[in-house]
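Scroll down for the structure; my scribbles are underneath it.
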Amino acid sequence: YVFKARCTLLNRYVAIKMLREDMAHDESFRDNFKKEAQAVAMLSHPNIVNIYDVSVRDNVKYIVMEYVEGITLKEYIEKKARLSVKEAVSIAIQVSMGIEAAHKNNIVHRDIKPQNIMLLENGTIKVADFGIARFSHSESRTVTEKAIGSVHYISPEQASGHGSTEKSDIYSTGIMLYELVTGQLPFVSASSVSVAMMHVSSEPAMPSS
């Protein structure tokens, strides 16, 4: 759950991300929530949603973060159908700067997609939702064990079960850039597994076509 709240101490609006009670008993969800808290608490960058406070106590687990007044990049794409190259590149640069800051802290996002990119009214881009982020030297899981990220943006190494590195985020950013300029995803299928395998073995249509 994510709530909009007002911080009475500093008199400002914040977003509070809380782990649902039914998920609090699931060890994997608890681990992911704690992992996100640890990952994002280390980051401070204009192109990353800021974190103000974290609680991972047994009874209540929550993250207090910057409240972003804007829409997701996915909503923006759906509204405009496709973007000009100039606007798409501007967005990609800001996303890349946020990802670079994470990578410098050895953090791989692993779920870069338009739904996790916030677009502010002034044009600023912020990367959000490090829910499945991991430290670049930690263990990873294969797509067959549990889908990591969204299959439409997943990197070939993630899809084939070879883990993820900083390059995985760059690949996902490339897929997102493809969608920005064409208004379409490079690989689409009724089966999530089929889409994942397309990233491994298929070539997307040229954006110019």
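Looking across the stretch 124-149 at every residue that is surrounded by fewer than 19 Cβ atoms within 10 Å (Cβ to Cβ) and closer than 22 Å to residue 179 by Cα, the one that is modelled with the highest pLDDT is identified as 124. If the condition is being acidic (Asp, Glu), at pLDDT below 70 and exposed (fewer than 15 other Cβ atoms within 10 Å of the Cβ), then the stretch 25-37 contributes only 26. Among the residues of the stretch 162-183 satisfying the criterion of being in contact with a Lys or Arg (Cβ under 8 Å, 6 or more places away or on another chain) and in a loop (DSSP other than H, G, I, E, B), which is nearest to residue 105 (Cα to Cα)? The qualifying residue nearest to residue 105 (Cα to Cα) is 164.
Of all the residues in the stretch 155-209, those that are touching a strand residue (DSSP E or B) at 6+ places or on another chain (Cβ under 9 Å), among the small types (Gly, Ala, Ser) and free of Cβ contacts under 8 Å to residues at least 60 places away in the same chain number 1.
For the stretch 155-172, give me the residue count where each residue is open to solvent by 40 Å² or more (accessible area, probe 1.4 Å) and either modelled with pLDDT under 85 or among the small types (Gly, Ala, Ser) (or both). Qualifying residue count, the stretch 155-172: 2. In the stretch 1-24, what residues are at pLDDT below 90, over 17 Å from residue 55 (Cβ atoms) and either part of a loop (DSSP other than H, G, I, E, B) or in contact with a strand residue (DSSP E or B) (Cβ under 7 Å, 6 or more places away or on another chain) (or both)? The one that is at pLDDT below 90, over 17 Å from residue 55 (Cβ atoms) and either part of a loop (DSSP other than H, G, I, E, B) or in contact with a strand residue (DSSP E or B) (Cβ under 7 Å, 6 or more places away or on another chain) (or both): 10.
Take the stretch 177-198 and flag every residue that is of a type in the set (A, V, I, L, M) and either surrounded by 14 or more Cβ atoms within 10 Å (Cβ to Cβ) or closer than 17 Å to residue 74 by Cβ (or both). If the condition is that a residue be of a type in the set (A, V, I, L, M) and either surrounded by 14 or more Cβ atoms within 10 Å (Cβ to Cβ) or closer than 17 Å to residue 74 by Cβ (or both), then 177, 180, 181, 185, 188, 195, 196, 197, 198 are the ones that fit.
The rows are residues; the columns are (1) at pLDDT 85 or above; (2) over 14 Å from residue 128 (Cβ atoms); (3) of a type in the set (A, V, I, L, M); (4) out of contact with any Leu (no Cβ under 8 Å at 6 or more places or on another chain).
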| site | (1), (2), (3), (4) |
| --- | --- |
| 58 | no, yes, no, yes |
| 65 | yes, no, yes, yes |
| 79 | yes, yes, no, yes |
| 84 | yes, yes, no, yes |
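Scanning the stretch 45-81 for residues that are out of contact with any Asp or Glu (no Cβ under 8 Å at 6 or more places or on another chain) and more than 14 Å from residue 2 (Cβ to Cβ) yields a count of 21. Are any of the residues in the stretch 100-116 outside any loop (DSSP other than H, G, I, E, B), at pLDDT 95 or above and out of contact with any Phe, Trp or Tyr (no Cβ under 9 Å at 6 or more places or on another chain)? Yes, the stretch 100-116 contains at least one residue that is outside any loop (DSSP other than H, G, I, E, B), at pLDDT 95 or above and out of contact with any Phe, Trp or Tyr (no Cβ under 9 Å at 6 or more places or on another chain).
The values are calculated or read from the model by the stated rules, or taken from the named source; none is laboratory data. Computed from a prediction, not measured in an experiment: that's the story for all the values here. Methodologically, a virtual Cβ is constructed for each residue, glycine included, from the backbone with ideal geometry; neighbour enumeration extends over all protein chains shown. When the accessible area is computed, the model is the full protein with side chains, heavy atoms only, and any ligands, DNA or RNA have been set aside. Shrake-Rupley method; radii C 1.70, N 1.55, O 1.52, S 1.80 Å.
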